[in-house]
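See below for the structure under consideration.
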Amino acid sequence: MRLAATGTAAVSLALALTACGQTVASQTPAAGGGGGEGIGLLLPESASSTRYDAFDKPLIQQTVTGLCAKCTVSYANAGGDATVQKKQFDDLLAKGVKVILLDPVDAKLTAPWVDAANAKGVKVVAYDRLAQGKVAAYVSFDNQQTGQLQGQSLLDALGSKASSANVVMIDGAESDPNAAQFKAGAHLALDGRVKIAYEQSGEWKPDVATAKTNEAIQSLGKNGIQAVYAANDGMAAAVIEALKAAGIKNVPVGGQDASIDAVRRVLSGEQAYTIYKPYKPEADAAGSIAVQLAEGMDISTTASTLTDSGGLKIPSLLLTPIVVTKSKVEATVVGGGLYKASDICTPQYADACAEAGVK
């Protein structure tokens, strides 16, 4: 998918943010979107991941208002409903915003939305998931690399047992292009090294993940599952509970998103790993690009990679994900400022934190 590497993304982003801040400060925003530079922010759901309302929304708002005092951010969460998100998108167009940051519920539906926005001179930035259509920019993490890290981490958790292991895969929603890339990356790591004994979409829904795990247990038997790949932490939690309910123990389960409950499960040994995708650099990049576009500025310094999307070459910034295992909690999510040790280490997890050096 990628046409260029982004190994220096963090450095480039820092320079771009500085440059943008200096330039925006010297300009007077044009009218629109509520008296300033109107920027819309549409996030997809909150059921399977707490990240959107807890991190993405406030971080993007902070970046936008920090770079542009007269900019306004109009926010809505679709609750996992693409029809609701379409109405939210149309409402933003009617409101007169200049830029829409869109993390789509169903990326396959968005091309006509983007066309309608472009016809009105409204720029659409695909955030975290690549929306279809001629979007102005795309900000996310390297999703195939994320999947590869997930797969390799599962292999690491299996160790010498990998060659004879039956692995269950609970993938993300088929409507989400990120899920396809996570899946592809995981298969690159796992194929030929383990047996993929069962694979289904969990649709990013914990209840679906529970049902699929129970189906896998019925199909393979209690002794027929040696590891489970779950595409995110919400589904990983459901998988772990389903395995427990069936009396299945010592089966490594991995996830993604570094939600605080997942980090605690990693510390306690219930979950083998999670994937930390630092939200602040992603949010900073999205907020910076939104302000730049609202001001009619060049985004090539910030979005310096091109991503192929149906023959279109989309200016992109792709960041690098990080594996979190028990021994890496302190260095990653605590050291990176995502959580304080005091947030993670409730009395129930105090001993696990001490053992892992989280302080």
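Some notes on this structure:
- Subset of segment 148-181 [open to solvent by less than 10 Å² (accessible area, probe 1.4 Å), assigned to a helix (DSSP H, G or I) and closer than 11 Å to GLY254 by Cβ]: GLN150, GLY151, LEU154
- Criterion (of a type in the set (S, T, N, Q), part of a loop (DSSP other than H, G, I, E, B) and open to solvent by 30 Å² or more (accessible area, probe 1.4 Å)) met by exactly one of GLN132, GLN62: GLN132
- Segment 38-59 - residue that is modelled with pLDDT under 90 and touching an Asp or Glu at 6+ places or on another chain (Cβ under 7 Å) and, of those, farthest from VAL124 (Cα to Cα): SER49
- Sole residue being among the aliphatic types (A, V, I, L, M), at pLDDT 95 or above and touching a strand residue (DSSP E or B) at 6+ places or on another chain (Cβ under 6 Å), chosen from VAL329, VAL333, VAL263: VAL333
- Members of segment 305-329 found to be open to solvent by less than 20 Å² (accessible area, probe 1.4 Å) and assigned to a loop (DSSP other than H, G, I, E, B), listed by number: PRO321, VAL329
- Output for segment 216-246, where each listed residue is touching a residue at least 24 places away in the same chain (Cβ under 8 Å) and among the basic types (Lys, Arg): LYS222
- Every residue from segment 328-339 that is closer than 12 Å to THR274 by Cα and over 19 Å from the mean Cα position of the chain (by Cα): LYS328
- Residues of segment 330-359 classified as of a type in the set (Val, Ile, Thr) and either touching a Cys at 6+ places or on another chain (Cβ under 9 Å) or open to solvent by 30 Å² or more (accessible area, probe 1.4 Å) (or both), total: 3
- Filtering ALA186, ALA173 for residues that are of a type in the set (Gly, Ala, Ser), modelled with pLDDT under 95 and within 16 Å of the chain's Cα centre (by Cα) leaves a single hit, ALA173.
The values are calculated or read from the model by the stated rules, or taken from the named source; none is laboratory data. Since the model is a prediction, treat every value here as computed from it, not as a measurement. When we count neighbours, we look across all protein chains shown, and the Cβ atoms used for this are built from the backbone with ideal geometry, even at glycine. The protein model used for the area step is the full one, side chains on, heavy atoms only, and it has no ligands, DNA or RNA in it. Shrake-Rupley method; radii C 1.70, N 1.55, O 1.52, S 1.80 Å.
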